[in-house]
Amino acid sequence: MEILPGALLSQINNPDDLKKLPREQLHQLCNELRQYIIDVVSVHGGHFGASLGVVELTVALHYIYNTPYDQLVWDVGHQAYGHKILTGRRDNFITNRKYKGLSGFPKRSESEYDTFGVGHSSTSISAALGMAMAARYKGEDRKSVAVIGDGAMTAGMAFEAMNHAGVTDADMLVILNDNCMSIDPNVGALKEYLTDISISPTYNKLKDDIWKGLGKLPVGKRFSRLMAHKVAESLKGMVSSSANLFESLKLRYFGPIDGHNITKLVDTLKDLRNIPGPKLLHIITVKGKGYALAEKDQTKWHAPGLFDKVTGEIYKKKYDIPQPPKYQDVFGHTMIELAELNDKVMGVTPAMPSGSSLKFMMEKMPHRAFDVGICEQHAATLSAGLATQGMRVFCNIYSSFMQRAYDQVVHDIAIQKLPVVLCLDRAGLVGEDGPTHHGAYDIPYFRCIPNMIISAPMNEQELRNLMYTSQLESTKYPFVIRYPRGEGVMPQWRTAFEEIEVGKGRKLKDGQEVAILTLGHPGNFATAAIRELRTEGLNPALYDMRFVKPLDEQMLHEVFSKYSKVVTVEDGTIVGGFGSAIAEFIAVHNYKAEIKILGIPDRLVEHGTLKELHRECGYDAQAIADAVRQLMTDKVRVAELLG
């Protein structure tokens with residue numbers, strides 16, 4: 001089905017075209033832009049509610065600012081669909097998040113209008129400040145704007161950036177997009193603070209009125225504005241303290257204003273563009289604006305998949321037989337079971353209760369499961385603090401987000417030998433979210449830290465048993481459990497708990513000449529490969545190692561005393577990962593073996609479906625079978641001659 005833009009939107013190929021429209025037509029353009037996003041996402045998928053909420057802001061920014069010379073940084077990146085459509089990518093927008101298509105996030109290599117890659121949150125103010133400082137140094141009259149969601153404002157990095165920005169003369173604007181949502185509802189004192197501002201605008205109106213009025217007095221603008229500043233400061237104590245937080249950081253505060261009033265936005269941004277120095281505009285928006293169902297259930301409609309835009313029905317695949325659950329749901333339900341068995345079990349996640357499925361425990365045991373906001377570092381050290389008091393804490397963080405908490409894991413968890421369980425959801429390739437979200441690096445960056453246990457389950461039963469093992473009193477060290485995005489392989493997954501001996505793998509199949517060593521879910525790819533190879537007379541052995549630290553050295557001695565050809569498979573980077581650990585073992589013990597290491601290659605992997613990316617990276621079932629064939633070249637040739 002061909003998706004056509006509206007009459008005005010079809011004429012907008014870049015922001016210069018947008019600037020040609022009279023102000024009176026901007027409202028219609030916003031309606032058309034919003035409808036186009038709905039049309040495309042309903043058919044082709046992607047993030048949904050976030051971009052609908054900033055349609056008017058997107059139009060106003062490109063209408064007033066001279067982009068791309070003036071630089072916009074979108075934080076977080078799934079707000080930027082409207083931005084992409086208005087900046088020359090309208091006709092390609094149907095390829096969004098598809099293999100070889102547009103990225104779902106701003107990407108510098110994709111467009112000059114994408115000034116900064118922002119797959120993760122809370123980086124925009126730092127980046128925009130750097131751009132503004134560079135512009136001043138080079139003598140350029142270039143404006144920098146950071147559009148940060150209120151959820152992203154909960155991260156410490158945002159406050160570090162504001163703290164610095166306030167003592168500079170950088171010409172930058174921070175726009176706080178306040179909709180009380182990230183993916184799940186925002187949490188914490190900052191949310192309550194922003195709510196207080198939005199319902200108590202008296203101080204801000206008085207301050208702006210005084211500022212504008214005194215600026216018109218004939219006694220001298222500089223003197224009048226200085227007086228206005230003193231009067232405004234005194235008003236803070238009498239009327240409201242709503243702007244204290246930002247103004248105490250020396251950011252001029254404006255707002256809050258209606259983020260869906262295009263006329264007000266255009267007028268406000270036009271004024272602010274001419275005010276030098278660091279400043280913050282607070283706008284109030286509704287995530288999912290313009291699509292009633294998305295406004296009502298904002299978490300569900302953050303990224304709903306394909307849906308009927310008229311009825312709102314979200315399309316789900318229909319199966320005749322039971323299907324395996326997502327690993328994240330196995331984690332979520334198992335947490336409740338473990339918490340019922342052990343009153344010391346607690347759960348922590350940084351703003352991903354739905355994504356990690358910790359929401360199940362939060363709903364049933366709110367005093368034992370916590371969403372701490374977009375604060376990965378805090379989540380790690382909070383977990384360490386709980387662990388010092390005997391709690392068995394499961395800290396669930398996406399693998400790529402865990403990179404932010406690396407220092408805390410080293411200093412606050414590993415050095416102190418605290419038995420925090422680090423559950424790395426979305427480990428390995430994640431699909432359409434692309435390189436900012438692929439969990440490629442956790443094995444190498446944790447493997448080099450002393451006092452760490454690093455494991456990966458091959459299926460749902462193994463995940464449950466690793467979780468059970470990790471919370472036992474006999475487990476004395478930090479315990480990493482990495483598992484992938486998406487479905488497992490066991491429809492009947494709720495099995496009885498069994499303790500797994502730390503550092504012990506399992507032999508799944510004996511074989512001849514070649515052994516396949518796997519870590520985690522890719523063991524299922526190897527199983528499929530072996531079924532194919534058997535039809536060709538090849539019979540490799542299969543070992544599920546379970547742990548990359550500590551390695552099962554007893555099992556490895558068995559492998560290398562029997563097999564001279566080995567294939568390793570992992571859902572992580574091949575540099576410093578599981579295969580590297582096996583190669584190190586070979587070298588240390590002077591084994592003579594031919595080894596092929598399969599996994600994520602040493603390059604950035606773009607977005608696509610998991611099936612497409614596993615094939616591209618060379619560790620799907622077909623690639624594993626091919627690796628065995630290459631090691632067995634002589635036998636394959638004989639079979640071909642005899643066949």
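Assorted remarks:
- As a proxy for reagent exposure, ranking Cys30, Cys617, Cys180 by other Cβ atoms within 10 Å from fewest up yields Cys180, Cys617, Cys30.
- Qualifying chymotrypsin sites (Phe, Trp or Tyr not before Pro) in region 52-160, where qualification requires a DSSP coil assignment and no more than 13 other C-beta atoms within 10 Å, comprise Tyr69.
- In terms of overall dimensions, the C-alpha atoms belonging to region 404-562 reach 52, 39, 32 Å along their principal axes, ordered largest to smallest.
- Ranked by the mean number of other Cβ atoms within 10 Å per residue, highest first, peptides 117-123, 274-280 order as 117-123, 274-280.
- Spin-label pair Glu24-Ala7: with each label point 7 Å from Cα along the Cα-Cβ axis, the two points sit 1.4 nm from one another.
- Taking a straight Cα-Cα cut-off under 19 Å and skipping sequence neighbours fewer than 8 places away in the same chain, the aspartates and glutamates within cross-link reach of Lys20 are Glu32, Glu56, Asp70, Asp267.
- In a fully extended conformation the segment linking Gln492 and Lys138 would gain 121.1 nm over its present Cα-Cα distance, using 0.36 nm per residue.
- Prolate/oblate/rounded call for region 1-120, Cα gyration tensor, a/c under 1.5 rounded: oblate
- Selection from Gln554, Pro350, Tyr253 lying farthest towards where the dipole of the chain points positive, charges on Cβ: Tyr253
- Three-way shape call for region 327-482 based on the alpha-carbon gyration tensor, with the a/c threshold at 1.5: rounded
- Distance in nm between pseudo-label sites at Cys448 and Gln403 (7 Å out along the Cβ direction from Cα): 1.4 nm
- Inter-probe distance in nm under a simple model that places probes 7 Å from Cα toward Cβ, at His44 and Asp16: 2.5 nm
- Shape call, region 506-642: gyration tensor on alpha carbons, a/c limit 1.5: oblate
- Gained length - Glu337 relative to Asn66, 0.36 nm times residue gap less alpha-carbon distance: 91.9 nm
- In degrees, nearest ten, helix 156-165 long axis to first principal axis of the chain (Cα): 40 degrees
- Peptides ranked, highest mean first, by Cβ atoms within 10 Å: ranges 566-574, 33-41, 458-466: 566-574, 458-466, 33-41
- Annotation: amide H-H contacts under 5 Å for Val174 (H modelled 1.01 Å from N, sequence separation of 5 or more, or interchain): Ala146, Lys279, Leu280, Leu281.
- Antiparallel DSSP beta bridges within the chain, as percent of all bridges there, nearest 5: 15 percent
- Contour excess over end-to-end distance, with Cα ends at Ala587 and Arg615 and 0.36 nm allotted per residue: 7.1 nm
- Judged by the mean number of other Cβ atoms found within 10 Å, the most tightly packed of the peptides 398-404, 515-521 leads the ranking 515-521, 398-404.
Bear in mind these aren't lab numbers, they're just calculated from the coordinates by the rules spelled out. This structure is a prediction, so every number in the text was calculated from the model and none was measured. FYI the Cβ positions are ideal-geometry reconstructions off the backbone, even for glycines, and counts take in every protein chain you see.
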